[in-house]
Amino acid sequence: GWNSTIESLSTGVPMICWPFFADQQMNCKYACTEWGIGMEMDNDVKRDEVEKLVRELMEGEQGKKLKNKAMDWKKMAEDATGPNGSSSLNLDKIGEQISAIKTLAPYNSTTA
């Protein structure tokens with residue numbers, strides 16, 4: 001699912017995608033088409049096809065490209081979650097917004 005996709009992105013691990021249901025089609029599209037870190041498996045899965053994809057990912061030219069792209073995404077994730085990264089700054093910002101809401105409309109248990 002999405003959490004596994006994010007884990008793969010943030011650790012620089014390319015993926016072999018075999019979408020079946022729920023969010024898997026979207027995750028596969030992004031991994032394979034948009035981000036360039038995945039290879040999609042055909043719906044008619046055969047043992048030799050799985051072996052071929054795994055070997056290509058681990059040893060082949062396309063696999064090297066996917067690994068390099070995955071490492072680029074890892075770096076972006078590290079930058080975003082660093083002290084001055086977009087994720088950290090946005091988390092601080094939402095905390096400030098929540099604090100501002102509490103200040104504007106304090107909870108009064110006697111009127112609830």
Unit charges on C-beta of K, R, D, E only; dipole of region 2-82, Debye: 180 debye
Karplus ³J(HN,Hα) for region 10-25 (6.51 cos²θ - 1.76 cosθ + 1.60, θ = phi - 60°; Hz, whole; x = Gly/Pro) runs 6, 10, x, 10, x, 10, 9, 9, 9, x, 10, 7, 6, 8, 5, 5
Using every alpha carbon pair in region 45-107, what percent of pairs falls into each 5 Å bin from 0 up to the bin containing the largest distance? 4, 15, 11, 11, 10, 9, 9, 8, 7, 6, 4, 4, 2
Among Gln97, Gln24, Gln62, which one moves the most in a GNM of the chain with springs linking Cα atoms closer than 10 Å? Gln97
Top of Ala31, Ala22, Ala70 by mean-square fluctuation, Gaussian network on the chain, Cα under 10 Å: Ala22
When Met76, Met15 are arranged by how many other beta-carbons sit within 10 Å of their Cβ, fewest first, they go Met76, Met15
So, counting K/R as plus one and D/E as minus one, what does the shell of residues with Cβ under 15 Å around Lys29 add up to? -3
So what's the Cα pair-distance distribution over the chain, bin width 5 Å, in %? 2, 11, 15, 16, 14, 10, 7, 7, 6, 5, 3, 2, 2, 0
Computed [θ] at 222 nm, helices only, for the chain once each DSSP H run of length n ≥ 4 contributes -39500 (n - 2.57): -20000 deg cm²/dmol
Name the long-range amide H neighbours of Gly38: under 5 Å, sequence gap of 5 or more, or other chain; modelled H, no Pro or chain starts. Met15, Cys32
Go through region 14-43 and name the chymotrypsin sites (Phe, Trp or Tyr not before Pro) that are in a DSSP coil and have 16 or fewer other Cβ atoms within 10 Å of their Cβ. Phe20, Phe21
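Just so you know, all these numbers are worked out from the coordinates, no wet-lab data involved. Computed from a prediction, not measured in an experiment: that's the story for all the values here. For neighbour counting, all protein chains shown are included, and Cβ atoms are generated from backbone atoms with ideal geometry for every residue, glycine included.
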